[in-house]
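Working notes, beginning with the structure itself.
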Amino acid sequence: MNKTITIDGKTIPFEDGQTIMAAATAADVYIPHLCHHPELSPHGSCKLCTVKVNGRNCSACTFPAAEGQDVLNNTKEINDDRQKITQMLFVEGNHFCPSCEKTGNCQLQAVAYHLNMLDNHFPLFYPKREMDASHPDVMIDHNRCIFCTLCVRASQQHDGKDVFAISGRGINKHLIVNAQSGLLKDTDLDMNDKAAHVCPTGAILIKRTGYQVPIGQRLYDHHEIDQVSLVTENPHHGE
Amino acid sequence: MANKIRVATTSLAGCFGCHMSFLDLDERLLQLAELVEFDRSPITDIEHCTNCDIGLIEGGVCNSENVHVLREFRKNCKILVAVGACAINGGLPAMRNFIPLEECLNEAYLEGIGVENPQIPSDIELPLLLDKVRPIHEVVKIDYFLPGCPPSADVFWKFLTDLLEGREPSLPYDLVHYD
């Protein structure tokens, strides 16, 4: 007999070793997330996938599913918390969507749309951050980095390289690259690496592609991220 | 007609794009005019607002005059609305926040290409620049936010008709854009 958990009252089967996120995705249940990617090891840092498991807050992307768990996901209380987390991500960086090449294709923006985030609520930090346009094909705009470490993990686990890392703690946390000079051009990053394409925001961009698709015709302009996410992350979507 | 809803609007550190988008209501402006009258606004040229129901604020706060105008609106409007990206997070004007103000002024008025008779404007009539451009919710209490650069005419319409018909204003997914 299959083992099951319930998410918002719906019975969801799971296999031993699956996280709540993996079980939910396989059952076409969307749990908002930014630092999670099904092909990479979980990191549990963005906290957007926070769910209540038997009354306690857990990160769905790291928490193992276990028989009989009662999980709350799509509730007003949890989505309000998620909206506040997203607002914090916005005010801690410099996210000026109208002037960003990633707008409309940005997961940070799409999650904010999904949560009906209309304002920033908190005072804005306006941190002073740099850009690295040294690489011939890829650029880093540190203003938009949310420290999800997807590029770090993709480089290590998928590309077999070690191009990115997070340095510093707390408010001094920042993305660094593996080169004496500190410049992306002196790393072995290639524009075809997964690490160059996995960024959920506009922090890592492929040069000369930013406006190939006009604003207004982009992914999240017409499709909500809950649907996009399940289509791309669940190989058995809709079955 | 008596008892029309009184609306005031202004553009602070904005580009008037949100006002232009508001005018994109086109023929719906005639329907709106049946229900509302405009107080202080670039549309009317009335200089100060008094006893308004709704205040629409475009743009962030970049100088001392912006602060005075914003406070006047808060004092005189029952409902104050942040309209557009700049009012909500400072927007493009806030991209000067990463450059010291003195350097901005030097570049614009002293050292920039094509500057003639270089001097930094210092007339006593000019409002003083703030060191950083700020969103308006950091200065006064804001009741509602309409994101977008600019918010589409449909956003204004949905918001205002919700309010005028006594519903709690809300924006569906396809009306929420930050760009």
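Rule-based calculations on the coordinates, nothing more; no lab input. None of these values were measured; they are calculated from a predicted model. With ideal geometry, Cβ positions are generated from the backbone for all residues, glycine too; neighbour counts draw on all protein chains shown.
Hey, does region B:20-27 have a residue that's in contact with a Pro (Cβ under 9 Å, 6 or more places away or on another chain), part of a helix (DSSP H, G or I) and surrounded by fewer than 24 Cβ atoms within 10 Å (Cβ to Cβ)?
Yes, region B:20-27 has at least one match.
Can you tell me which residue among B:Glu58, B:Glu111, B:Glu72 is at negative phi, of a type in the set (Asp, Glu) and within 14 Å of chain A (Cβ to nearest Cβ)?
Unique residue meeting the criteria: B:Glu58.
So in region A:150-201, with the set limited to residues that are small (Gly, Ala, Ser) and more than 17 Å from A:Pro42 (Cα to Cα), which one is surrounded by the most Cβ atoms within 10 Å (Cβ to Cβ)?
Ranking the qualifying residues of region A:150-201, first place goes to A:Ala196.
Cβ-Cβ distance below 7 Å, separation of 6 or more or different chains: which pairs start in region B:101-129 with a residue that is under 22 Å from B:Ser64 (Cβ atoms) and end on one that is charged (D, E, K, R)?
Short answer, once both residue conditions are applied: B:Leu101/B:Asp131; B:Cys104/B:Arg96; B:Pro127/B:Glu65.
Before we move on, is B:Ile142 without any contact (Cβ under 8 Å) to a residue 24 or more places away in the chain and among the β-branched types (Val, Ile, Thr)?
no
How many residues, within region B:73-87, are out of contact with any strand residue (DSSP E or B) (no Cβ under 7 Å at 6 or more places or on another chain) and surrounded by fewer than 19 Cβ atoms within 10 Å (Cβ to Cβ)?
1
Output the residues belonging to region A:172-197 that are among the basic types (Lys, Arg) and in a loop (DSSP other than H, G, I, E, B). I'd like the intermediate steps shown before the answer.
Narrowing region A:172-197 to residues among the basic types (Lys, Arg): A:173, A:185, A:194.
Result: A:Lys173, single match.
Just give me the residues in region A:129-171 being assigned to a helix (DSSP H, G or I) and either in contact with a His (Cβ under 9 Å, 6 or more places away or on another chain) or not small (Gly, Ala, Ser) (or both), in sequence order. Don't jump to the end; show me each part of the working.
Filtering region A:129-171 for residues assigned to a helix (DSSP H, G or I) gives A:142-144, A:150-158, A:170-171.
The answer is A:His142, A:Asn143, A:Arg144, A:Leu150, A:Cys151, A:Val152, A:Arg153, A:Ala154, A:Gln156, A:Gln157, A:His158, A:Ile171.
Scan region A:58-88 residue by residue and report those that are surrounded by fewer than 22 Cβ atoms within 10 Å (Cβ to Cβ), within 27 Å of A:Gly216 (Cα to Cα) and not β-branched (Val, Ile, Thr).
Across region A:58-88, the qualifying residues are A:Asn79, A:Gln83, A:Lys84, A:Gln87, A:Met88.
Considering only residues of region B:116-167 that are within 14 Å of chain A (Cβ to nearest Cβ) and β-branched (Val, Ile, Thr), which is nearest to B:Val81 (Cα to Cα)?
B:Ile142
Give region A:80-96 a look and list any residue that's in a helix (DSSP H, G or I) and within 14 Å of another protein chain (Cβ to nearest Cβ), or say none.
Of everything in region A:80-96, those that are in a helix (DSSP H, G or I) and within 14 Å of another protein chain (Cβ to nearest Cβ) turn out to be A:Gln83, A:Thr86, A:Gln87, A:Met88, A:Leu89, A:Phe90, A:Val91, A:Glu92.
So A:Glu77 clears everything in (1) of a type in the set (Asp, Glu); (2) away from every other protein chain (no Cβ under 14 Å); (3) under 21 Å from A:Val152 (Cα atoms) except one condition, right? Which one?
It fails just one condition, (3).
In region B:75-101, which residue that is over 15 Å from A:Tyr126 (Cα atoms) and basic (Lys, Arg) is nearest to the other protein chains (Cβ to nearest Cβ)?
B:Lys78
Condition first: surrounded by fewer than 17 Cβ atoms within 10 Å (Cβ to Cβ) and either in a loop (DSSP other than H, G, I, E, B) or touching a Ser or Thr at 6+ places or on another chain (Cβ under 7 Å) (or both). Now tell me which residues in region A:97-128 satisfy that. Before the answer, list the steps.
Going through region A:97-128, the residues surrounded by fewer than 17 Cβ atoms within 10 Å (Cβ to Cβ) turn out to be A:99, A:116, A:121-123, A:125, A:127-128.
A:Asn116, A:His121, A:Phe122, A:Pro123, A:Phe125, A:Pro127, A:Lys128 - these are the residues of region A:97-128 that are surrounded by fewer than 17 Cβ atoms within 10 Å (Cβ to Cβ) and either in a loop (DSSP other than H, G, I, E, B) or touching a Ser or Thr at 6+ places or on another chain (Cβ under 7 Å) (or both).
Quick one: count up the residues across region A:187-230 that are of a type in the set (A, V, I, L, M, F, W, C) and over 16 Å from the mean Cα position of the chain (by Cα).
5
Could you tell me how many of the residues in region B:137-179 are part of a loop (DSSP other than H, G, I, E, B) and among the polar types (S, T, N, Q)? So that I can check it myself, show each step before the final result.
Start the filter on region B:137-179 by keeping residues that are part of a loop (DSSP other than H, G, I, E, B), which leaves B:139-143, B:147-152, B:165-172, B:176-179.
Still in the list and also among the polar types (S, T, N, Q): B:152, B:170.
Adding up the residues that qualify gives 2.
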